[in-house]
Amino acid sequence: MRRKKTIAILNGPNLNLLGSREQDIYGHQTLSEIEAACKEHASAAGYRLDFRQTNSEGQLIDWIQDLSKVGAIIINPAAYTHTSIAIRDALISCDCPVIEVHISNVLKREIFRRESLISDIASGIICGFGTYGYILALNAVDDLLRNGKFIDG
Ligand code: CA2
């Protein structure tokens, strides 16, 4: 029997606070609720899901390096999106598709959020659809993997 492919969803700093503050920007769902919804969605599509959050840049980099065997990485790098060359470099070394997700529409917010060090090395970007963006990203990954649409670089 073929083993199920794993999809990793990585979340960066302060996303553990979802649902508790700034609900006008990030919505009401907690990260645990998002994880449960994503696990259910991934499982129905035939994938295993590895869902993680950290406030540490180094931890994100270690995880990206260790996740060499996953089918895809969905990442919301949070504020590191706009600052981290180190996370960009780690993601460049991945052989799998990388999808960048943002809950808010970063292009409609402060100017410093318009720059992403990740977008040009990602297979695609989803932003501005609230926490539903994670489900959209899972669908996008499924399509990429099923239809062999993943083009490296
Ligand atoms: O919109 C997104 O998903 C962001 O990645 C969220 C980051 C922000 O720095 C990015 O520009 C856009 C911030 C995550 C902080 O999340 C909080 C949630 C609740 C309360 C406070 C912060």
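Summary of values
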| item | result |
| --- | --- |
| Residue in the stretch 23-38 that is more than 10 Å from the ligand (Cβ to nearest atom) and aromatic (Phe, Trp, Tyr) present | no |
| Residue satisfying condition, being aromatic (Phe, Trp, Tyr), closer than 19 Å to residue 14 by Cβ and within 15 Å of the ligand (Cβ to nearest atom), within set 112, 129 | 112 |
| So residue 45, is it within 12 Å of the ligand (Cβ to nearest atom), touching a residue at least 40 places away in the same chain (Cβ under 8 Å) and either farther than 21 Å from residue 145 by Cα or surrounded by fewer than 19 Cβ atoms within 10 Å (Cβ to Cβ) (or both) | no |
| Criterion (near the ligand (Cβ under 10 Å from one of its atoms), at pLDDT 95 or above and at negative phi) met by exactly one of 101, 70 | 101 |
| Given (1) among the charged types (D, E, K, R); (2) surrounded by fewer than 19 Cβ atoms within 10 Å (Cβ to Cβ); (3) within 20 Å of residue 13 (Cβ to Cβ), number of the condition residue 100 does not satisfy | (2) |
| Residue within the stretch 3-11 that is modelled with pLDDT of 95 or more, surrounded by 13 or more Cβ atoms within 10 Å (Cβ to Cβ) and in a helix (DSSP H, G or I) present | no |
| Of residues in the stretch 3-22 being touching a residue at least 60 places away in the same chain (Cβ under 8 Å) and among the small types (Gly, Ala, Ser), the one nearest to the ligand (Cβ to nearest atom) | 12 |
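The values are calculated or read from the model by the stated rules, or taken from the named source; none is laboratory data. All of these numbers come straight from a predicted model, not from anything done at the bench. Quick reminder, even Gly has a Cβ in these numbers, built from the backbone with ideal geometry, and neighbours come from all protein chains shown.
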